[in-house]
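Trainee: Dropping a structure here in structure tokens format, bear with me for questions.
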Amino acid sequence: MPIQTTASVLPEAPSDSALLAVPYDSGLNPRVELPVPAAALMAHHAAKGEAGEIVEVPVSRGDSVGGLLLYGVGDGSPRALRRAASALTRRAKGRPELTVVVPDGDIAVFAEAALLAAYTFKIGAPQGKPPVAALTFVGADESAVRRGESVAQAVAVARDLANTPASTKTPSWLADQAAADGLEVKVWDEEALRSEGFGGILAVGQGSVHPPRLIQLSYTPDSYDEHVVLVGKGITFDSGGLSLKPTDNMKTQKTDMAGGAVVIAVMGALVALGSPVRVTGLVAAAENMPSGTAQRPGDVITHYGGTTVEVTNTDAEGRLVLADALAYADAVLEPDAMIDIATLTGAISVALGRNIGAVYATDDELARTLVSSGEVTDDRLWRMPLIDDYRPALDSPIADMQNADLGGRFGAGSITAALFLREFTGKRPWAHLDIAGVGRSTVDEGTLSKGATGFGVRVLLDWLARR
């Protein structure tokens with residue numbers, strides 16, 4: 001469901017605001033008259049004006065008592081504003097309304113973070129204090145608040161899709177969720193996939209009672225100079241197939257379609273945000289299950305376009321479905337650039353941890369602009385190398401390629417996965433975002449909540465807006 005907290009804009013704060021938040025600068029100067037001397041109050045609380053710092057002061061509201069939240073914004077950077085806004089929303093849990101006098105700086109990211117901190121996903125009775133029901137931004141530009149709201153709601157869509165249990169989230173269900181106003185939708189069922197040669201998607205999905213799908217979403221503005229294709233991994237549950245995962249590794253695998261969720265969310269937001277770029281989104285959706293019909297290690301499959309691949313590990317399935325979608329995009333859609341996004345390898349979590357995603361790219365400018373958008377949006381990316389010396393890891397004695405480094409010859413799991421995908425991009429400008437480490441959160445903190453993060457929505461929307 002979308003974020004339930006509402007956002008509104010007023011030119012001035014109502015005099016009867018039960019909970020009012022006002023920024024103070026690094027010089028510890030509140031922007032309101034206080035019931036006690038400002039310097040003494042700040043000294044009492046050892047306030048430093050840091051982003052996320054909040055000092056609460058009781059104030060008279062006639063016969064009742066209201067709350068005044070004095071909040072710091074640090075250096076006023078987008079990252080600092082996000083920290084300040086999310087801290088305010090979390091402080092106001094359980095309240096019907098929070099009125100916020102906005103700080104100087106980028107109000108779109110401030111509103112975006114305030115709303116994202118209110119995100120929840122719960123099946124069943126709610127627990128604990130609910131998020132603040134309404135946020136009122138005082139002195140804010142309406143268009144900036146609405147842009148921030150649109151981005152926050154798009155991230156929430158991606159989180160909702162990834163958080164939905166796999167008992168509900170079959171490939172066909174995911175296809176049904178992808179439709180949005182202003183988008184053209186095309187879905188390949190298993191018969192269409194077979195007749196058109198999408199062997200990778202079919203092979204991964206053949207062990208499940210829920211057949212695979214390929215979902216295509218198309219956004220076409222009135223005029224455009226560039227066509228971009230976004231490709232998302234949509235494994236609605238990943239057991240590992242016959243190369244079965246350990247039990248602990250399987251517990252979070254309902255979110256293995258987080259990349260596909262990001263593509264769906266981005267495509268749905270483009271109409272509201274008015275992107276000037278033609279964008280096609282592809283989500284390769286399948287459920288990777290063990291059964292009597294599942295693909296086996298040693299099988300050889302034929303991808304879209306004719307490349308044959310020996311399957312050495314059925315748990316390296318994400319690259320198999322992405323390969324079909326990338327090959328189709330190259331051959332049929334002929335884009336100016338392609339970006340895929342996927343929870344692809346556990347190896348990238350070892351390399352970059354839980355806060356930074358990886359970007360691999362064949363084009364330096366594409367990589368640079370994605371990293372730049374990551375810094376702006378706080379979906380931070382680090383460029384990783386495509387090391388051609390590792391390409392022999394994918395050589396197969398019986399097929400064009402194998403899908404995984406069978407003997408662990410190079411031990412570079414994330415890099416060799418990216419090298420595999422590169423083979424299907426037709427030498428077009430291409431970037432691969434590996435979000436396995438950042439696609440899930442284990443904490444409720446800042447703009448994050450436990451579960452799916454929606455990482456990638458903000459960076460892609462910002463990157464598209466800057467084209």
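The values are calculated or read from the model by the stated rules, or taken from the named source; none is laboratory data. As the structure is a prediction and not an experimental result, all values here were calculated from the model. When we count neighbours, we look across all protein chains shown, and the Cβ atoms used for this are built from the backbone with ideal geometry, even at glycine. Quick note on the areas: whole protein, heavy atoms, side chains included, nothing else; ligands and nucleic acids left out. Shrake-Rupley method; radii C 1.70, N 1.55, O 1.52, S 1.80 Å.
Trainee: Can you tell me which residues in region 269-284 are out of contact with any Phe, Trp or Tyr (no Cβ under 9 Å at 6 or more places or on another chain) and on the phi < 0 side of the Ramachandran plot?
Mentor: Initially, region 269-284 is screened for residues out of contact with any Phe, Trp or Tyr (no Cβ under 9 Å at 6 or more places or on another chain), giving 269, 272-274, 283.
Of everything in region 269-284, those that are out of contact with any Phe, Trp or Tyr (no Cβ under 9 Å at 6 or more places or on another chain) and on the phi < 0 side of the Ramachandran plot turn out to be ALA269, ALA272, LEU273, VAL283.
Trainee: In this structure, is ALA393 farther than 17 Å from GLY260 by Cα, in a helix (DSSP H, G or I) and either without any contact (Cβ under 8 Å) to a residue 60 or more places away in the chain or touching a strand residue (DSSP E or B) at 6+ places or on another chain (Cβ under 9 Å) (or both)?
Mentor: Here the answer is yes, as ALA393 does meet what is asked.
Trainee: When residues of region 87-110 are filtered for being closer than 14 Å to THR377 by Cβ and of a type outside the set (Phe, Trp, Tyr), how many remain?
Mentor: Number of matching residues: 3.
Trainee: Answer yes or no: is there a residue in region 336-344 that is under 23 Å from MET401 (Cβ atoms), in a loop (DSSP other than H, G, I, E, B) and in contact (Cβ under 8 Å) with a residue 60 or more places away in the chain.
Mentor: yes
Trainee: Here's a follow-up. Looking only at region 71-79, decide whether some residue is surrounded by 23 or more Cβ atoms within 10 Å (Cβ to Cβ) and in a loop (DSSP other than H, G, I, E, B).
Mentor: Checked region 71-79: at least one residue is surrounded by 23 or more Cβ atoms within 10 Å (Cβ to Cβ) and in a loop (DSSP other than H, G, I, E, B).
Trainee: Among the residues of region 397-445, how many are of a type outside the set (Asp, Glu), farther than 27 Å from ALA329 by Cβ and surrounded by fewer than 19 Cβ atoms within 10 Å (Cβ to Cβ)?
Mentor: Count: 10.
Trainee: Right, something else. Anything in region 323-349 that is touching a strand residue (DSSP E or B) at 6+ places or on another chain (Cβ under 7 Å), among the small types (Gly, Ala, Ser) and farther than 20 Å from ARG383 by Cβ? List them, or say none.
Mentor: Passing the criteria: ALA325, ALA329.
Trainee: Within region 366-377, is even one residue open to solvent by less than 20 Å² (accessible area, probe 1.4 Å) and of a type in the set (S, T, N, Q)?
Mentor: Within region 366-377 (the criterion being open to solvent by less than 20 Å² (accessible area, probe 1.4 Å) and of a type in the set (S, T, N, Q)), the answer is yes, since at least one residue qualifies.
Trainee: Taking region 359-388 only, how many residues are among the hydrophobic types (A, V, I, L, M, F, W, C) and under 13 Å from the mean Cα position of the chain (by Cα)?
Mentor: Number satisfying all stated conditions: 1.
Trainee: Select from region 421-459 the residues that are of a type in the set (Phe, Trp, Tyr) and part of a loop (DSSP other than H, G, I, E, B) and write down the one among them that is nearest to GLN253 (Cα to Cα). Break it down into steps so the answer makes sense when it comes.
Mentor: First pass over region 421-459, keeping only residues of a type in the set (Phe, Trp, Tyr): 424, 430, 455.
Right, trim to part of a loop (DSSP other than H, G, I, E, B) and you get 424, 455.
On the way: PHE424: 26, PHE455: 16 Å.
The selected residue is PHE455.
Trainee: Could you check, for region 46-57, whether at least one of its residues is at pLDDT below 80, more than 24 Å from LEU116 (Cβ to Cβ) and surrounded by 14 or more Cβ atoms within 10 Å (Cβ to Cβ)?
Mentor: No, region 46-57 contains no residue that is at pLDDT below 80, more than 24 Å from LEU116 (Cβ to Cβ) and surrounded by 14 or more Cβ atoms within 10 Å (Cβ to Cβ).
Trainee: Here is a follow-up. Among the residues of region 186-207 satisfying the criterion of being assigned to a helix (DSSP H, G or I) and either among the small types (Gly, Ala, Ser) or at positive phi (or both), which is most open to solvent (accessible area, probe 1.4 Å)?
Mentor: If we filter region 186-207 for residues that are assigned to a helix (DSSP H, G or I), which is where we start, we get 190-196, 199-205.
The next check asks that each one be either among the small types (Gly, Ala, Ser) or at positive phi (or both); those that pass are 192, 195, 199-200, 203, 205.
On the way: ALA192: 26, SER195: 94, GLY199: 16, GLY200: 0, ALA203: 4, GLY205: 2 Å².
Checked region 186-207; the qualifying residue most open to solvent (accessible area, probe 1.4 Å) is SER195.
Trainee: If you don't mind, another one. For the condition over 29 Å from the mean Cα position of the chain (by Cα), part of a loop (DSSP other than H, G, I, E, B) and within 20 Å of PRO297 (Cα to Cα), what is the one hit in ALA399, ALA404?
Mentor: Values: ALA404 fails: over 29 Å from the mean Cα position of the chain (by Cα).
Answer to the check: ALA399.
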